[in-house]
1. From the square roots a ≥ b ≥ c of the eigenvalues of the alpha-carbon gyration tensor of the range 134-260, which class results: rounded (a/c under 1.5), prolate (a/b over b/c), or oblate?
2. Using only helices, what value at 222 nm comes out for the chain when you add -39,500 (n - 2.57) per DSSP H run of length 4 or more and divide by the total residues, to the nearest 500 deg cm²/dmol?
3. Just how large is the dipole of the chain about the Cα centre, in debye to the nearest 20, putting +1 at every Lys and Arg Cβ and -1 at every Asp and Glu Cβ?
4. Let me know the longest stretch in the chain that avoids all GluC sites (Glu not before Pro) found in a DSSP loop with at most 12 other C-beta atoms within 10 Å.
5. Out of the chymotrypsin sites (Phe, Trp or Tyr not before Pro) in the range 28-137, which ones are loop residues according to DSSP with at most 13 other C-beta atoms within 10 Å?
6. Just the C-alpha atoms of the chain: what Rg/Rh do they give, with Rh taken as the Kirkwood radius?
7. Once you've got the GNM for the chain with C-alpha springs shorter than 10 Å, pick whichever of Ala265, Ala276, Ala108 has the biggest mean-square fluctuation.
8. For Val285 and Glu187, what is the calculated FRET efficiency with R₀ set at 45 Å and r taken between the beta-carbons, to the nearest 0.05?
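Values in this text are rule-based calculations from the coordinates and carry no lab data. None of these values were measured; they are calculated from a predicted model. Positions of Cβ are backbone-derived with ideal geometry, glycine not excepted, and every protein chain shown enters the neighbour counts.
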Amino acid sequence: MIKSLQRKFVLISSGSILVVIVVLIGLINGVNMYNMDKRIDGMLWFLSGNDGNFPDLEKTHPSDIKMTPETRFETRYFLVKADESGNITQIDIGHIAAISSEDAKSYAEEVLSQKKQKGYNGIYKYLIVEKEYGKLLVFLDCNSEIETRNSFFLLFVSVGILCFIAVFAVIWGFSKRAIKPVVENIEKQRQFITDAGHEIKTPLAIISANADVLELSCGENEWVTSIRNQTKRLNELVKNLLTLSKIDEGKVRVTFSEFILSEAAHKALEPFILIAESKNIKFDVQIEPSLRIIGDYDGIQTLISILAENAVKYTENNGQITVELSKTGKNIKLEIKNNCKALPSGDLNRLFDRFYRADSSRSRETGGYGIGLSIAQAIVNAHKGKISVRVDNGNVICFTVIFY
């Protein structure tokens, strides 16, 4: 449990840092791409507005691009003019060396067929504007900007990964110190439960022996019977507390072997079928034969017994309990349903919390302490399965266990 707590702390902390790093990288690169596109678009509109030429700087006042005397020599672009019908009338490749007239014509025909005003075609971003003679197509070489953008992105991703690894190492290194107060509290709680459980066993044994003496001396009466019943309940409570403590400490030995689950389920359900019959409860068992599983035989039987006992306790007389064990794909599903007048409200998953009782008055009547379902959940978790609870048709509570 402590290792699990440490892992959760590390995962949550490092996960939060990872989200922050990813968001920062996304925002920074997003802003960079936006500014780059804005500069490119500004240059395209500038060139198209001047019919593809660079006029004297003192006569121009571009608002979204920075112009220097070297700008006209650094900017690589080519122009294509077309008439209203889309027929190419003129090609200007004097400002670029990587494109031939045939290449320029091919690019122009391709973008004209797409009927878009602007966009990317490979490493060239284009803009189509209407002129008095037809259309002017300006293609701007964005290769350096794209390479810069990609390099910028890879740099930030690399830095982000290195930062995450460093932060993860620091978090892992300090995780034990961070959860130390919680671990100490859990250890004290476990030790208290274990010590108290063992200490309570002795006076309970003495009380039980004294009850035997009283019965021999005074005969059987309601007071001796009450003492026996309460002693039995306390013994069961101590047993369950010690079981939970051992599960938390990982001291419960779980021996996995292959066995026929169908037969184990029938065996575990037999005593509860008899109890149900005494309460006029219909006990419907639907178990597929020869279902095999690799697991802890005693643990599985305890799980089924806990769920069956829970169903018998809370099913009204003349009610019905249904147990279904079936194969669903590669998994095995166990469902135990029972109708119940006083169904729990709110978050049903709280039923698996220790000492939680949805109705304390009913729990006193049935002798429940709210520990059984916690043990059932621990057994399912040990088998890497899943246990859940739901309400069907407004008056039927259903516990479902999936073995993967």
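1. It is prolate, given that a/c is not under 1.5 and a/b is the larger ratio.
2. -19500 deg cm²/dmol
3. Its charge dipole is roughly 1220 debye.
4. That gives 221-404 as the longest site-free run.
5. Answer in residue order: Tyr133.
6. Rg/Rh: 1.32.
7. In the Gaussian network model the winner is Ala108.
8. So the FRET efficiency works out to roughly 0.55.
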